[in-house]
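Just below is one structure, and these are the notes that go with it.
None of the figures in this text is laboratory data; all of them are computed from the coordinates on show. Remember, it's a predicted structure, so these values are computed and weren't measured experimentally. Quick reminder, even Gly has a Cβ in these numbers, built from the backbone with ideal geometry, and neighbours come from all protein chains shown.
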Amino acid sequence: MSLGMAAGSVAAVSRSATHTMAKANTAEIRLREGLGVEGDAHAGTTVKHRSRVLKNPFEPNLRQVHLIHAELHDELRAAGFDVAAGQMGENITTRGIDLLGLPTGTRLRLGDVAAVEITGLRNPCSQLDGIQRGLMAAVLDRDAQGNLVRKAGVMAVVIAGGVVRPDDPIVVELPSAPHQPLQPV
């Protein structure tokens, strides 16, 4: 892995003990290695998202932590949506990092000791329209070749536990080449 410099920061941290779309902002969250966000409904070694549990409850949880870039919230607000950190289900809202442009396996060091490894893209679901009509379509796009672009953030697993707070620096560590583009998980 190549060691990076602080590339961005944590804008907000959120969690919910129940399976709701919105997660409440908190002063801090504790990441637990191999599990996810302490006190969050999606923490665990096996899948916790209800639709995935129905398919295979023993599948490894590659979606322990959901990260969204605050720049997406800015873009959505400019398009007329009323969105805030945590409202789209994310645990960590970042600022200053192109999350969607990072390769699979990128590690993000959050604050002093916590770290996550990006496993893939979040596949947005229709629950987003429950927040505001049209929101799901707003987080989907097409690139120049007509390929679907998912903008609703990335998913990660916790590789080093610790406390994460707003304003903590984020250091990006890219995996060894060749880099693999993010795919939905």
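Overview of results
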{"quantity": "Karplus (6.51, -1.76, 1.60) ³J(HN,Hα), θ = phi - 60°, over the stretch 165-177, in Hz, Gly and Pro reported as x", "calculated": "10, x, 6, 4, x, 10, 10, 9, 10, 6, x, 5, 6"}
{"quantity": "Net charge contributed by nearby residues that have their C-beta within less than 9 Å of residue 185 (K/R +1, D/E -1)", "calculated": "+2"}
{"quantity": "Positive dipole terminus of the stretch 33-185, leading residue within 132, 87, 58 (C-beta point charges)", "calculated": "58"}
{"quantity": "Distribution of pairwise C-alpha distances over the chain, 10 Å bins, in %", "calculated": "10, 40, 38, 12, 0"}
{"quantity": "Residue among 59, 38, 90 with the largest mean-square fluctuation in a Gaussian network model of the chain, springs linking Cα atoms under 10 Å", "calculated": "59"}
{"quantity": "Antiparallel bridges, percent of DSSP beta bridges restricted to the chain (to nearest 5)", "calculated": "90"}
{"quantity": "In order through the stretch 81-87: 3J(HN,Hα) via Karplus (6.51 cos²θ - 1.76 cosθ + 1.60), integer Hz, x for Gly, Pro", "calculated": "8, 9, 10, 9, 4, x, 5"}
{"quantity": "³J(HN,Hα), Karplus 6.51/-1.76/1.60, whole Hz, each residue of the stretch 104-111, x for Gly, Pro", "calculated": "4, x, 4, 9, 10, 8, 10, x"}
{"quantity": "Gain upon complete extension [residue 52, residue 133; 0.36 nm per residue less C-alpha separation]", "calculated": "26.7 nm"}
{"quantity": "Förster-model FRET efficiency, 45 Å R0, residue 24 and residue 179, C-beta, rounded to 0.05", "calculated": "0.80"}
{"quantity": "Most mobile of 157, 13, 171 in a GNM of the chain (Cα contacts under 10 Å)", "calculated": "171"}
